[in-house]
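Working notes for the structure below.
The values are calculated or read from the model by the stated rules, or taken from the named source; none is laboratory data. All of these numbers come straight from a predicted model, not from anything done at the bench. Methodologically, a virtual Cβ is constructed for each residue, glycine included, from the backbone with ideal geometry; neighbour enumeration extends over all protein chains shown. The accessibility values were calculated without ligands, DNA or RNA, using every heavy atom of the protein model including side chains. Shrake-Rupley method; radii C 1.70, N 1.55, O 1.52, S 1.80 Å.
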Amino acid sequence: MTKPHVLFDAFGTLIKVQGGTHPYRTILKIGIEQGRRPLASDAESLLSRSLDLRQAAEFFRIAVHPDRMEEIEAALQTELASMEPFKDGLDAVSMLQAEGISVGICSNLAQPYASAVKRLYPSVRLHAFSFEAGAIKPSAEIYAYASRIMNVENPQQISMIGDSLRCDRDGARAYGMRGYWLCREGRGDYSSLLDFADFIFKTP
């Protein structure tokens, strides 16, 4: 029997974000102060390109004073260092991998945040990060990228779970995957990743 493949969202699903500093948003606010009008596409531009903070400022043609840039970069490093894994995330990933189930992470994130994912979940080697895929959830392109990374032709063989109803359940299902919504408050398909892992074990 073919083993299933599992995709997890990262932030809010596997990883706790403690008091986010929103460094890219800070740069965009500096741009507003300089007269740059924000665009609806700004967030997608940031998340679908491999841009560090300095490259992002250059991409948007925003002049950030060197001292201010150092402050923003320092805040980002503090934020990354403060991130912690959810215990049920660590346990679920460990349990699935112990059974030989292929596990990957599919996430909308800016380039520097990938380091936190890799640090907190070093055993997961399959990554579909938006800045590498050139697309963001819930677009079909990122799920297609994730399928290629996992070497899976039939998306029905992939179960995805995350804390975004739109991206991790509905978007994944629209592409053909089995998508599930994690809500630790009890309003989703699952409130614990351990329950989700148990479901995967029982899925034919």
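Side notes on the structure shown:
- Per the conditions (1) among the hydrophobic types (A, V, I, L, M, F, W, C); (2) modelled with pLDDT of 95 or more; (3) assigned to a helix (DSSP H, G or I), the sole criterion not satisfied by W181 is (3).
- Extreme residue, surrounded by the fewest Cβ atoms within 10 Å (Cβ to Cβ), among residues of the range 148-204 that are under 18 Å from L90 (Cβ atoms) and β-branched (V, I, T): I200
- Check on E58, open to solvent by 40 Å² or more (accessible area, probe 1.4 Å), in a helix (DSSP H, G or I) and touching a residue at least 24 places away in the same chain (Cβ under 8 Å): no
- Test set (1) free of Cβ contacts under 8 Å to residues at least 40 places away in the same chain; (2) under 16 Å from the mean Cα position of the chain (by Cα); (3) assigned to a helix (DSSP H, G or I); (4) under 19 Å from I15 (Cα atoms) - D168 fails condition number: (1)
- Scanning the range 1-48 for residues that are touching a residue at least 60 places away in the same chain (Cβ under 8 Å), open to solvent by 80 Å² or more (accessible area, probe 1.4 Å) and not in a loop (DSSP other than H, G, I, E, B) returns a single hit, E44.
- Considering the range 6-50, and only residues there that are of a type in the set (D, E, K, R) and under 23 Å from F86 (Cα atoms), the residue that is modelled with the highest pLDDT turns out to be D9.
- Exclusive hit being touching a Cys at 6+ places or on another chain (Cβ under 8 Å) and either among the aromatic types (F, W, Y) or at pLDDT below 95 (or both), set Y113, Y143: Y143
- The residues on offer are Y145, Y180, Y190, and the sole one that is hydroxyl-bearing (S, T, Y) and in contact (Cβ under 8 Å) with a residue 24 or more places away in the chain is Y190.
- For beta carbons closer than 7 Å, sequence separation of 6+ or different chains, a first residue in the range 71-98 that is at positive phi and a second that is assigned to a helix (DSSP H, G or I) and surrounded by 15 or more Cβ atoms within 10 Å (Cβ to Cβ), there are no qualifying pairs.
- Being in a helix (DSSP H, G or I) and small (G, A, S) is a property that does not hold for A63.
- The set of residues in the range 7-28 that are among the β-branched types (V, I, T) and farther than 29 Å from I149 by Cα comprises T21, T26, I27.
- Filter pass, A81 being modelled with pLDDT under 95 and open to solvent by 10 Å² or more (accessible area, probe 1.4 Å): yes
- Residue list for the range 145-170, filter: in contact with a helix residue (DSSP H, G or I) (Cβ under 7 Å, 6 or more places away or on another chain) and of a type outside the set (S, T, N, Q): Y145, P155, I158, M160, I161, G162
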